[in-house]
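Read the figures in this text as sums done on the coordinates, not as results from a lab. All figures in this text were calculated on a predicted structure; none of them were measured in a lab. As a convention, Cβ positions derive from the backbone with ideal geometry for all residues, glycine included, and neighbour counts pool all protein chains shown.
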Amino acid sequence: MKKTEVARSGIGFGSALAIAISWSQHQSILWAILHGVFSWFYVVYYALTR
């Protein structure tokens, strides 16, 4: 597996996780998109504040 493939997988997973968390909290497509853009930052924020 190439380094670029690993990086893409990590970024994709972070975005998917952020979108899933956002949807479960807000049930809003706009919030889910915004949190998907911030991906890992939102996941870490959620983990620290919950």
Problem set entry | Projected label distance in nm at Ala16 and Phe38, using a 7 Å step from Cα toward the beta-carbon | 2.2 nm
Exercise. Using a basic spin-label model with each label point 7 Å from the Cα along Cα→Cβ, how many nm lie between Gln27 and Thr49?
Worked result: 2.0 nm
